[in-house]
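Q: Provided herewith is a single structure, encoded as C-alpha cells, for subsequent inquiry.
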Amino acid sequence: MNRYINTIKENYNKRKLILEEDGLYKYLFNNKGFVLVIVLIMITFLFTISYDFFYKSITYITYLNRFKADNNTEYMAYSGHALAKSILDIDRLGLNIPFMPNISSNKNIDSYQDIWAVEFPEIPLGEGSIKFLIEDEQSKINISALANVFVENTPYYGILQRLLGDMGLILDIADCILDWVDPDSLRSPYGAESDYYLSLQPPYKAQNSEMGSIDELLLVKLVTPEIYYGLGGGNYGLEKDLVDDNKDNIKLTPDVFNDLREDLSNDFQDSIERKIWKEKDRALYSYLRVHGNPNDFTDEANRININTASFRVLMTLSNEMNESVVTEIIKRRQLEPFRQTTDINEFIREPDLLKNLITVRSNIFKITVTASDKFGFCRFITYYDRNRNKVLYSSIEH
C-alpha cells in the first residue's frame with residue numbers, strides 16, 4: 001500500500017516539476033494524452049460549426065416556407081376580393097337574376113335582400129379556402145363629416161351625440177372627435193387640439209382633416225380601447241333584451257344552390273319571427289365610419305342607408321326617433337325595402353330634418369376576405385367605393 005502511495009507521489013512531483021519549469025503547453029505536448037486533447041478540441045469545434053449550420057438552415061427553410069405560405073394565402077385573398085367586387089358590380093347593374101333569381105334585382109336600392117348581403121359559405125380554392133364578407137359602410141355614421149372648412153359642425157355632430165348618449169357614454173367624446181377632424185386649431189368647449197396631444201408620450205398632432213381609418217379613433221382623447229371595442233363604459237351591462245343584429249340577410253349553405261327557394265323562404269320566416277331591438281354589439285367601429293365626402297355633408301356618400309342602418313343608428317337620426325318608431329321601420333324594411341327616402345315620412349312628423357341625411361342606396365362597402373390553407377392564414381380588409389371603383393383604404397394581416 002505504501003509503495004502504491006509513493007508511486008503516486010513521485011508521478012505528482014514529476015508533473016509538478018515539469019509545469020513549474022516548462023508550463024502547461026510543454027507538459028501536454030510531451031505527454032501521451034496530448035492527442036486526445038487535440039481530438040476533443042477538434043470535435044468541439046466541428047460540432048459548434050455543424051450545429052450553427054444546421055440551425056441556420058432550419059431557420060431559413062422555416063422562413064422560406066412561411067414566406068411561401070403567406071404569398072399563397074395573400075394571392076388567395078386577392079382572388080376573394082376580386083370576387084366580392086364582382087358581386088357588388090352585379091348588384092349595381094341589377095344582373096343577379098341569372099345567378100340568383102330569387103334575390104332582389106332592384107339596382108336603385110341597397111338592402112339586406114341584395115346579392116352583396118348574402119352570407120356565402122366558405123369557398124374551396126386549391127389546397128385551401130376563402131371566405132368573404134361584404135358590409136355596407138353607409139349603414140354607419142360618417143364622423144369625418146362632422147365639420148369642414150365651410151361649417152363648424154354639421155347634423156352628424158348631433159347624430160354622434162345621440163349615439164353616445166344612448167350608450168351612456170360621456171358626450172364630451174363628440175367634441176374631441178369634432179376637434180380631431182375639423183380643419184382649425186380652435187378647441188371645442190370639451191374637446192382637444194394638438195396642444196393636448198403634443199403633451200402626451202409619445203407626442204402627436206391632431207389630424208385636423210378626414211380620418212384615414214376608423215381605428216384612428218384610438219388616438220382621440222377620451223376614446224379608450226374599452227369604449228372603442230365595446231367592452232365597457234357607459235351603460236355597458238345595464239341594457240336589457242339586446243339582440244345579435246337586426247339584419248334580414250340570407251345565409252347560404254354549400255348546397256344551397258340546389259334548393260335556393262326553400263332556403264330563402266326559411267330565412268324570410270326566421271327574419272319575421274326574430275325580435276327587433278338594440279344590438280348587443282357596442283363597438284364604435286360597428287356604428288361609425290370615416291369614408292365619404294367631408295367637404296359637403298349633404299353629399300350622397302355621407303348619407304345613412306335606412307334599409308341597412310342598425311337599430312342604434314336609426315335611433316340617432318333625429319329626436320323624433322324612438323324605440324317604437326325604429327322597430328316599425330325595421331319591420332317595414334324586412335317585408336319590403338324602402339324604395340325612396342320619402343317612404344319613411346309616415347313614421348316621423350318632421351321629415352325635412354332627414355332630407356340630406358338618409359338614402360336608400362349605398363356605394364361604400366367594407367370587404368373582408370379570409371384565406372387559409374394548411375400552411376398559412378391571411379385576412380385582407382378593404383373599404384371600397386363601388387361608384388368610383390376605388391379602394392379607399394386597405395389592410396392585410398397574416
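Q: Pick out, in residue order, every one of the GluC sites (Glu not before Pro) in the stretch 85-144 that is DSSP loop and has at most 11 other C-beta atoms within 10 Å; say none if there are none.
A: Working: sites: Glu119, Glu122, Glu127, Glu135, Glu137; in loops: Glu122, Glu127.
Loop-located and lightly packed - Glu127.
Q: Multiply the residue gap between Ala283 and Arg332 by 0.36 nm, knock off their C-alpha separation, and tell me the result in nm, one decimal place. Show your work: numbers first, answer last.
A: Details: separation 49, 0.36 × 49 = 17.64 nm, distance 2.63 nm.
Roughly 15.0 nm would be gained on extension.
Q: Taking every pair of distinct Cα atoms and averaging 1/r, then inverting, what Kirkwood hydrodynamic radius in Å comes out for the stretch 265-388? Please list the in-between numbers first.
A: Working: mean 1/r = 0.0603 Å⁻¹.
Over the stretch 265-388, the inverse of the mean reciprocal pair distance is 16.6 Å.
Q: Identify the residues of the stretch 344-364 with backbone N under 17 Å of a label point that sits 7 angstrom from the Cα of Asn106 along the Cα-to-Cβ direction, or state none.
A: Zone members listed by number: 344-347, 358-363.
Q: Between Asp172 and Asn322, what length comes free when the chain is fully extended (0.36 nm per residue of separation minus the Cα-Cα distance, one decimal in nm)?
A: Values: separation 150, 0.36 × 150 = 54.00 nm, distance 2.28 nm.
Length gained between Asp172 and Asn322: 51.7 nm.
Q: Given the peptides 341-347, 153-159, arrange them by the average over their residues of other C-beta atoms within 10 Å, most packed first. Write down the numbers at each step before the final one.
A: On the way: 341-347: 15.4, 153-159: 20.6.
Per-residue Cβ counts within 10 Å, averaged per peptide and sorted highest first, yield 153-159, 341-347.
Q: Put a dot 7 Å past each Cα toward the Cβ at Lys131 and Asn11; how far apart are the dots in nm?
A: Here the answer is 7.5 nm between the modelled labels.
Q: Explain nothing, just the number: relative contact order of the stretch 269-398, from Cα pairs under 8 Å at least 6 residues apart, as a whole percent.
A: 20 percent.
Q: Where a ≥ b ≥ c are the square roots of the eigenvalues of the C-alpha gyration tensor, would you call the stretch 125-167 rounded, which needs a/c under 1.5, or, failing that, prolate if a/b is larger than b/c, or oblate? Mind dumping the intermediate values first?
A: Numbers: a/c = 5.52, a/b = 2.51, b/c = 2.20.
Cα axes put the stretch 125-167 in the prolate bin.
Q: Sort 192-199, 140-147, 292-299 by packing, meaning the average of other beta carbons within 10 Å per residue, with the highest value first.
A: On the way: 192-199: 15.4, 140-147: 27.4, 292-299: 18.5.
Going from most to least packed, we get 140-147, 292-299, 192-199.
Q: I'd like to compare 307-314, 391-398: which one has the highest average count of other Cβ atoms within 10 Å, and what's the full order after that?
A: On the way: 307-314: 23.4, 391-398: 13.4.
Sorting 307-314, 391-398 by mean packing, highest first, produces 307-314, 391-398.
Q: Follow-up. Could you work out the pair-distance distribution P(r) of the stretch 83-190 from its alpha-carbon pairs, with 5 angstrom bin width and percents rounded to whole numbers?
A: For the stretch 83-190, the binned pair fractions read 2, 11, 15, 13, 10, 9, 12, 12, 9, 5, 2, 0 percent.
Q: Continuing with the same structure: Going down the table (Lys131/Lys355; Lys221/Lys280; Lys131/Lys221; Lys205/Lys355; Lys131/Lys205), which pairs top 28 Å between alpha carbons?
A: Values: Lys131/Lys355 37 Å; Lys221/Lys280 25 Å; Lys131/Lys221 36 Å; Lys205/Lys355 35 Å; Lys131/Lys205 38 Å.
Over 28 Å apart, Cα to Cα: Lys131/Lys355; Lys131/Lys221; Lys205/Lys355; Lys131/Lys205.
Q: According to the Cα gyration tensor, what semi-axes, each the square root of 5 times an eigenvalue, does the equivalent ellipsoid of the stretch 138-365 have, listed from largest to smallest in whole Å? Working shown, then result.
A: Values: eigenvalues 222, 78, 57 Å².
Over the Cα atoms of the stretch 138-365, the ellipsoid semi-axes are 33, 20, 17 Å.
Quick note: the coordinates plus some simple rules give every number you see, no bench work behind them. Everything numeric in this text was worked out from a predicted model, so none of it was measured. When we count neighbours, we look across all protein chains shown, and the Cβ atoms used for this are built from the backbone with ideal geometry, even at glycine.
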